[in-house]
Amino acid sequence: MSIHIVTNPHAIAPTVLLPGDPLRAQHIAETYLTDVVRYNEIRGMWGFTGMWKGNRVSVQGTGMGMPSFSIYAHELIREYGATRLVRVGTCGTMSRDLHLRDVLLVQATDCDSGMNVSRFGSYQFAPAASFDLLRRAWQKAEELSIPVKVGNVFTSDQFYDQKGEEKMTLAQSVGTLAVDMESCELYTLARLVDIEALTLLSVSDSLLSGEQVAPEQRQTTFGSMVELALATLFE
Ligand code: HPA
């Protein structure tokens, strides 16, 4: 039993979807899964296990930012035997080619994280998606006619960042498409412990125009992304 996820050792499936928001975890479980059991309530960071088309799957909220994400991912892997982690989240676009409501399959991550500096020092580690999951997500998106883009995300430690403009200009200059706050930690941990990982993001806001997707519209785009994630994992 771990500190932040407290349940029995077999309550969580080897494959886990990871939204940041625990209410979104509940929404995913109630909308897409059957035979749902809520296995974690600590700090309101809900986790659920259920079935999707005969396959056992869990959905765990992670909170925002790499340190919070890391705690949940770490416990899922080390204490509950998770072997496939798929983040389903939102991002802010910084590219004219990535629009509000688009779905981004994250190939690799840039970041300004203190976590990877403390892990790797001057070694330039390259956090990247598991190729097989990325390939399958791309193929499934074509089959399901869900338009997706593939590219890199900048995982930022700060949502409100005094140096945000400067960092965005640098990220744009190397072709990075969007910003989130968690994916770098997923891809780093996955490599460190040799599990499979992928991030799917729907674009909720634009750093270029300041526009945001209205909360009621977010659910729709988010829904097709979750269906794509599940089909990628199990079909
Ligand atoms: N910045 C950082 N993370 C995000 C954003 C953003 O604009 N939108 C969704 N996640």
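The values are calculated or read from the model by the stated rules, or taken from the named source; none is laboratory data. Only a predicted model underlies this, so the values are computations on that prediction, with no experimental measurement involved. Cβ: placed from backbone, ideal geometry, glycine included. Neighbour counts: every protein chain shown. All accessible areas refer to the heavy atoms of the entire protein, side chains included, with ligands and DNA or RNA removed. Shrake-Rupley method; radii C 1.70, N 1.55, O 1.52, S 1.80 Å.
Within segment 76-104, track down each residue that is over 25 Å from GLU166 (Cα atoms) and more than 16 Å from the ligand (Cβ to nearest atom).
LEU76, ILE77, ARG78, GLU79, TYR80, GLY81, ALA82, THR83, ARG84, LEU85, VAL86
On the basis of being among the hydroxyl-bearing types (Ser, Thr, Tyr), within 13 Å of the ligand (Cβ to nearest atom) and at pLDDT 95 or above, does SER173 make the cut? Can you show your working first?
Values: among the hydroxyl-bearing types (Ser, Thr, Tyr): yes; within 13 Å of the ligand (Cβ to nearest atom): no; at pLDDT 95 or above: yes.
No, not satisfied.
What are the pairs with Cβ atoms under 9 angstrom where one residue, in segment 153-164, is within 9 Å of the ligand (Cβ to nearest atom) and the other, located anywhere, is assigned to a loop (DSSP other than H, G, I, E, B) and open to solvent by 100 Å² or more (accessible area, probe 1.4 Å)? Sequence gap at least six, or different chains.
So the pair list comes out as PHE159/MET64.
Within segment 164-175, how many residues turn out to be assigned to a loop (DSSP other than H, G, I, E, B) and under 13 Å from LEU207 (Cα atoms)?
0
Would you check if there is a residue in segment 133-141 being of a type outside the set (Lys, Arg), within 28 Å of ALA214 (Cα to Cα) and open to solvent by 40 Å² or more (accessible area, probe 1.4 Å)?
Looking for residues that are of a type outside the set (Lys, Arg), within 28 Å of ALA214 (Cα to Cα) and open to solvent by 40 Å² or more (accessible area, probe 1.4 Å), one finds at least one in segment 133-141, hence yes.
Restricting attention to segment 71-83, does a residue exist that is in a strand (DSSP E or B) and under 25 Å from PRO14 (Cβ atoms)?
No, that holds for no residue.
For segment 178-198, state whether one or more residues are within 14 Å of the ligand (Cβ to nearest atom), part of a loop (DSSP other than H, G, I, E, B) and either surrounded by 22 or more Cβ atoms within 10 Å (Cβ to Cβ) or of a type outside the set (Ser, Thr, Tyr) (or both).
yes
Quick one: VAL153 ticks every box in (1) under 29 Å from GLU227 (Cβ atoms); (2) surrounded by fewer than 18 Cβ atoms within 10 Å (Cβ to Cβ); (3) among the aliphatic types (A, V, I, L, M) bar one, so which box is it?
The failed condition is (2).
Give the residues of segment 32-56 that are in contact (Cβ under 8 Å) with a residue 24 or more places away in the chain and touching a Leu at 6+ places or on another chain (Cβ under 7 Å), sorted by residue number.
TYR32, TRP52, listed by residue number.
Are any residues in segment 35-52 open to solvent by 40 Å² or more (accessible area, probe 1.4 Å), touching a helix residue (DSSP H, G or I) at 6+ places or on another chain (Cβ under 6 Å) and in a loop (DSSP other than H, G, I, E, B), and if so, which ones?
Answer for segment 35-52, where residues must be open to solvent by 40 Å² or more (accessible area, probe 1.4 Å), touching a helix residue (DSSP H, G or I) at 6+ places or on another chain (Cβ under 6 Å) and in a loop (DSSP other than H, G, I, E, B): just TRP46.
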